[in-house]
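Undergrad: Right, I'll just put the structure down here and ask away after.
Here, each number is a calculation from the coordinates, and none is a lab measurement. Every value quoted in this text rests on a predicted model; they were computed, and no experiment measured them. Note: ideal-geometry Cβ built from the backbone for every residue, glycine included; neighbour counts use all protein chains shown.
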Amino acid sequence: MASNILNMAKKDATKPNSATKYHRLTNVAQDKFVDSQFERPPPKIPYRAIALAAGLFLLGSMLIIVGSMLLSGFIDAQYADRTWPVLILGLLMFIPGAYHVHLAYNAYKGVPGYSYEDIPEFD
C-alpha cells in the first residue's frame, strides 16, 4: 500500500506542469544573458479580490450611515443598543475595503507606484 502511494507520487512529480509557460531561448553561450529572460509578464487582474473589496466598501459605508443615524437619533430610540456595534462593524469593513478599492483604482489608472500585484489574490 505504501509503495503504491510512493510510486504514484513519483509519477506525479515527473509530469510537467501544463500551466507553466516556457520560452525557448536562442542558442547563446551559457554565460550570457538574454533580454527575454528579464521581461515581466502582463499583470493578472484579481477580479475576485476587487469585487470583495468593493463589497466591503459598500457594506461598510451603509453600516456607518445606519450607525450614525442611530447615534444621532434619526432612527427610533428603541434600537439604540445597536449603535456602537453597527458603527464598529461598519468601520472594520469600510477601512480595508476603501484601501483595496483605492489600490485597484490607482493601478487601473496607471499611477506610478501602484500595481495589481499589491492586491492579494484568492486562489
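Undergrad: How much length is gained on full extension from residue 44 to residue 91, taking 0.36 nm per residue of separation minus their Cα-Cα distance? Walk me through the numbers before you get to the answer.
TA: On the way: separation 47, 0.36 × 47 = 16.92 nm, distance 2.94 nm.
The residue 44-residue 91 span can extend by a further 14.0 nm.
Undergrad: R0 = 25 Å: FRET efficiency of residue 58 with residue 21, Cβ-based, nearest 0.05? Could you put the intermediate results ahead of the total?
TA: Values: r = 37 Å, r/R0 = 1.46.
My answer for the efficiency is 0.10.
Undergrad: Could you work out how far apart the two model spin labels at residue 37 and residue 81 are, taking each label as a point 7 Å from the Cα in the direction of the beta carbon, and quote it in nm?
TA: 6.9 nm
Undergrad: Round to the nearest 0.05 the FRET efficiency obtained for residue 99 and residue 65 when R0 = 30 Å and r is the Cβ-Cβ distance. Provide the component values of the computation, followed by the final result.
TA: Working: r = 19 Å, r/R0 = 0.64.
Computed FRET efficiency for residue 99 and residue 65 comes out at 0.95.
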